[in-house]
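The values are calculated or read from the model by the stated rules, or taken from the named source; none is laboratory data. On a predicted model such as this, the values are computed, not experimentally measured, just so you know. Counting neighbours? That spans all protein chains shown, and the Cβs are built from the backbone with ideal geometry, glycine included. Side chains included, ligands, DNA and RNA excluded: accessible areas come from the protein's heavy atoms. Shrake-Rupley method; radii C 1.70, N 1.55, O 1.52, S 1.80 Å.
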Amino acid sequence: MKNKKIGAKIFVSFGIVIAMSIALGVAALTQVSTMASVANNYAHITVPAITQLWTARRAVRQIEECALEATIVMTSAELKAIENELFEIRETFDNALNEFETIAPQFADDVAEIHNLMNPVTQSRDRLLAECAKLTEAGNKKAYEIYVNEYTPAFEKVVNKMLEMSDEVY
């Protein structure tokens, strides 16, 4: 390089600088593309999936509140209103889970497991409502025992499974 003319030295130096700039530009474009893919996945899969799981989880808590409220009713009108609310919220729960499965089909087995975990909940709910329908203090007491000993523990399994799924979605 000592024997080269100054113009050639400058030309080689600028060539090296341009080559490094191109390499940095390609690396930057690759990183931007990767970031765009991650952001797109987050916006179109992760956030909607988590939203549906949280909607289902809120529905679980609302169902539990309604079931607890059912244990203190003393009129058939109150019980009917609570039953209607229970069924509406359960529909919200089922819809949220189905939407979650549509967004994140890799969790189909987990959603099926939640539906299976809901079978004991449904059975306990039916027994609880049957006791409440007696519209007596003894019936409400028995309904409360079902709520505490069967209904809530069964729902906790569902909630824990949904929390586990939330962690996996992230």
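Multiplying the sequence separation of GLU137 and THR92 by 0.36 nm and subtracting their Cα-Cα distance, what value in nm do you get?
Roughly 13.1 nm would be gained on extension.
Round to the nearest 10 and give me the degree value, 0 to 90, for the angle of helix 76-103's Cα axis relative to the longest principal axis of the chain.
20
In square angstrom, rounded to the nearest 10, how much accessible surface does GLU168 have for a 1.4 Å probe?
100
Tell me, what is the per residue accessible area of the chain in Å², probe radius 1.4 Å?
Accessible area per residue, the chain: 62 Å².
Using Cα atoms only, what is the angle between the long axis of helix 152-169 and the major principal axis of the chain, expressed in degrees (0 to 90) to the nearest 10?
For helix 152-169, the angle is close to 10 degrees.
Given R₀ = 41 Å, what would the calculated FRET efficiency be for GLU85 paired with ASN40, taking r from the Cβ atoms and rounding to 0.05?
0.60
Using 7 Å Cα-to-Cβ label points, what is the ILE22/ALA112 separation (nm, one decimal)?
In this crude label model, ILE22 to ALA112 measures out at 5.4 nm.
Based solely on its DSSP helices, what 222 nm [θ] is calculated for the chain when runs of n ≥ 4 H residues each add -39,500 (n - 2.57) and the sum is averaged over all residues, nearest 500 deg cm²/dmol?
That comes out to -29000 deg cm²/dmol.
Assuming R0 = 45 Å, can you tell me the calculated FRET efficiency for the pair ASN119 and VAL32, based on Cβ-Cβ distance, to the nearest 0.05?
0.40
Using only Cα atoms and rounding to the nearest 10 degrees, what angle (0 to 90) does helix 47-70 make with the longest principal axis of the chain?
Orientation of helix 47-70: about 10 degrees from the principal axis.
Return the distance in nm (one decimal) between the two label points of a simple spin-label model at SER76 and PHE11, each offset 7 Å from Cα along Cα→Cβ.
10.2
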